[in-house]
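Undergrad: There's a structure below that I have some questions on.
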Amino acid sequence: MKRFIFSLLTIVSFFLFSNISNAQTGDSLLQQASLQACIQYALTHQPVIRQSLIDEQITERIIKGKLADWYPQINLDYNLQHYFKLPTTVFAGNRVTIGVKNTSFANFSLTQNIFDRDVLLASRSAGDVRKQVQQSTTNNKINVAVNVSKAFYDVLLNQQQIRLLDSDIVLLEKSLNIADNQYKAGVVDKVDYKRATITLNNAKAQRKTYQEQIKARYAYLKELMGYPSGGELNLVYDSVQMKQDAFIDTTQMINYESRIEYQLLLTQKRLQEDNLKYYKWAYIPEISAFGNYNLNFLNNEFGKLYNQNFPTSYTGLTLSFPIFQGTKRTQEIRQAQLELERVDYDIFAFKNSVNTQYQQALATYKSSLNNYNVLNENLALAADVYNTIQLQYKSGVKTYLDVIVSQNDLISAQVNYLEALYQVLSSKLDVQKALGQINY
């Protein structure tokens, strides 16, 4: 009976553990990996984002720890002391033994800061410190979203290239059969058959290259997303919508305030201004109130030490003001002023940098868009030429060399068109990032 119960519990535990493991694995995988789904997954699971969120929590704890100095500080000190030999002093020319063999005291102390520049700085800058770490998280999210989007497009491009070659290989195999049949029938020599074989082999070799490349691109996308390396990731997309998304208004003006890096610099400037005030506050005395209550126990007999208490208590104010520190405070103030001035130059340099980034991104986008439009037209022309030459070849008007050339032109046009489309989508992301339009 015991063996049966043990076996039953083992089986139940196994199924429960399996269900929990499957549920956890299922929760960490995407069923429909659209672009937005991949981005949202990355914003939740990417280690850099998780670290940024932990940094926010750490910063919050640091702020609360600094602000805790505003609250009353209560302490207890306890002491127990036994003299093996009492101290001796000289009084009126005579040696006199003083004190008792056993002493003990407990000291309750309360301190309240009234003005302390460290605590005042923490209080005034708390909001900006929180904002700074939150803006850093936002900056990381934007970079992750852009990188995931580009990696997503790279995988899609690779997939489309493989599908395109698969369909081309089917056509090339048909052409090879035609060339083989014509050779066997004595219509043509073996040159056409060899050319068809070479073209087919090249296409298969290219497909193999793309198949190997897509493994690396999938691995890179999963890394950027924080996705399980062994998890299945099936990308879904709307090709019509992607073509529509390739366009952007190129007449937009730069708005520096929309860039998270600019917002970070402004926050840094406010913190530096608070730092300057902190050094100026060094000329204001630090003031605190205190109160103490002491329990004193004195007795030569240890067993009777705590029979009688001789308490004392007092309160007061403490004022601390350094009169001269060798111009240290003056130097610290000047240093803070220079650091603040340096932030202003950082802001100026960033504005110039943003303008350059935008112009470069816009130039790349316009070039890619023009290339996309031209290649789109070339694709239509190449397809029309190939279809025409195929008919002419079957009618005996064109040679097989013409078919091979037109087919190669069509394959090149198809591949170039796909690359141009994804290049436009990728360069559009750079334009949006430069304009500060990507926000999370």
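The values are calculated or read from the model by the stated rules, or taken from the named source; none is laboratory data. No experiment lies behind these values; they were computed from the predicted model shown. Glycine also receives a Cβ, built like all others from the backbone with ideal geometry; neighbour counts cover every protein chain displayed. Areas reflect the complete protein model, heavy atoms only, side chains present, ligands, DNA and RNA absent. Shrake-Rupley method; radii C 1.70, N 1.55, O 1.52, S 1.80 Å.
Undergrad: So if R0 is 56 Å, what FRET efficiency would Q73 and S34 give, r being the distance between their Cβ atoms, rounded to the nearest 0.05?
TA: Efficiency computed from Cβ-Cβ geometry: 0.50.
Undergrad: Label D238 and S258 with points 7 Å out from Cα along Cα→Cβ: what is the distance between them in nm?
TA: 2.3
Undergrad: Amide H to amide H under 5 Å from A33: which residues, 5+ apart in sequence or cross-chain, H placed 1.01 Å off N in plane?
TA: So A33 has HN proximity to N234, V236.
Undergrad: Ranked highest first by average number of other Cβ atoms within 10 Å, how do 383-389, 401-407 line up?
TA: Answer by packing, highest mean first, reads 401-407, 383-389.
Undergrad: Over the chain, what is the relative contact order in whole percent, taking alpha-carbon pairs under 8 Å and six or more residues apart?
TA: Over the chain, the number comes to 22 percent.
Undergrad: Counting other C-beta atoms within 10 Å, and keeping those with at most 10, which DSSP coil chymotrypsin sites (Phe, Trp or Tyr not before Pro) do you find in the stretch 40-147?
TA: Taking the stretch 40-147 and a limit of 10 other Cβ atoms within 10 Å, the loop chymotrypsin sites (Phe, Trp or Tyr not before Pro) found are F84.
Undergrad: With no solvent and one equal point scatterer per Cα, compute the Debye intensity ratio I(q)/I(0) for the chain at 0.06, 0.07 Å⁻¹ and report its log10, rounded to two decimals.
TA: Results for the chain at q = 0.06, 0.07 Å⁻¹ read -0.58, -0.70.
Undergrad: Let me ask something additional. Could you tell me whether the stretch 106-187 comes out rounded, prolate or oblate from its Cα gyration tensor? Rule is a ≥ b ≥ c as square roots of the eigenvalues, rounded for a/c under 1.5, then prolate if a/b exceeds b/c, otherwise oblate.
TA: Here the stretch 106-187 falls in the prolate category.
Undergrad: Need the C-alpha centroid separation for the stretch 368-415 versus the stretch 323-337, integer Å.
TA: If we compute the Cα centre of each part, the gap is 77 Å.
Undergrad: Right, next: Taking the Cα centre of the chain as origin, sum charge times position over the Cβ atoms of Lys and Arg (+1) and Asp and Glu (-1), and report the length of that vector in debye to the nearest 20.
TA: 1200
Undergrad: Let me ask another. Subtracting the Cα-Cα distance from 0.36 nm times the residue separation, let me have the gained length for R329 to T251 in nm, one decimal.
TA: That works out to 22.9 nm of additional length.
Undergrad: So how far apart, in nm, are the two label points at I169 and S367 if each is 7 Å from Cα heading toward Cβ?
TA: 3.5
Undergrad: Moving to a separate point now. Loop only per DSSP, at most 11 neighbouring Cβ atoms within 10 Å: give me the GluC sites (Glu not before Pro) in the stretch 211-303, ordered by residue number.
TA: E232, E301
Undergrad: Something else: Can you give the accessible area of K204, probe radius 1.4 Å, in Å² rounded to 10?
TA: Surface open to solvent at K204 totals about 80 Å².
Undergrad: Which lysines have a Cα less than 19 Å from the Cα of K215, not counting those fewer than 8 places away in the same chain?
TA: Within reach: K150, K204.
Undergrad: Next up: Per residue, how much accessible area does the stretch 278-360 show when a 1.4 Å probe rolls over the protein heavy atoms, in square angstrom?
TA: 68
Undergrad: Residue-wise, which Karplus ³J(HN,Hα) couplings in Hz belong to the stretch 79-88, taking 6.51 cos²θ - 1.76 cosθ + 1.60, θ = phi - 60°, and x for glycine or proline?
TA: Each residue's phi maps through the Karplus curve to give 9, 10, 9, 10, 8, 6, 9, 5, x, 10 Hz.
Undergrad: Going by accessible area, probe 1.4 Å, with all protein chains left in place, what is the ranking of K174, K190, K394, largest first?
TA: Largest to smallest exposure gives the sequence K394, K174, K190.
Undergrad: Between R117 and K85, what is the label-point separation in nm under the 7 Å Cα-to-beta-carbon projection?
TA: The two pseudo-label positions are separated by 5.1 nm.
Undergrad: I'd like the FRET efficiency for T315 and D346, computed as 1/(1 + (r/R0)^6) with the beta carbon distance as r and R0 of 56 Å, rounded to 0.05.
TA: 0.70
Undergrad: How much accessible area does K101 have with a 1.4 Å probe, in Å² rounded to the nearest 10?
TA: Here the residue's solvent-accessible area equals roughly 90 Å².
Undergrad: Karplus couplings for the stretch 92-105 from phi (6.51 cos²θ - 1.76 cosθ + 1.60, θ = phi - 60°), rounded to Hz, Gly and Pro as x?
TA: Calculated HN-Hα couplings, in order: 6, x, 10, 7, 10, 7, 10, x, 10, 5, 10, 10, 8, 8 Hz.
Undergrad: Moving to a separate point now. Using the Karplus curve 6.51 cos²θ - 1.76 cosθ + 1.60 with θ = phi - 60°, what ³J(HN,Hα) values do you get for each residue of the stretch 151-168, in whole Hz, with x for Gly and Pro?
TA: 5, 4, 5, 4, 5, 4, 4, 5, 4, 5, 5, 5, 4, 5, 5, 4, 5, 5
Undergrad: Could you tell me what percent of the accessible area of the chain is made up of carbon and sulfur, with a 1.4 Å probe and every protein chain present?
TA: 55
Undergrad: Of Q331, N275, S109, which is farthest on the positive side of the dipole of the chain, counting Cα position, with +1 on Lys and Arg Cβ, -1 on Asp and Glu Cβ, and the Cα centre as origin?
TA: S109
Undergrad: Give me the accessible area per residue for the stretch 96-159, probe 1.4 Å, as a whole number in Å².
TA: 40
Undergrad: Hey, another quick one. Using only DSSP helix segments of four residues or longer, with each worth -39500 (n - 2.57), what per-residue ellipticity at 222 nm results for the chain after dividing by its residue count and rounding to 500?
TA: -24000 deg cm²/dmol
Undergrad: Another one. Would you give the gap between the C-alpha center of the stretch 245-281 and the C-alpha center of the stretch 118-167, rounded to a whole Å?
TA: The stretch 245-281 and the stretch 118-167 have Cα centres spaced 17 Å from each other.
Undergrad: So, one more: Per residue, what accessible area does the stretch 387-440 have, given a 1.4 Å probe and all protein chains present, in Å²?
TA: Per-residue value: 44 Å².
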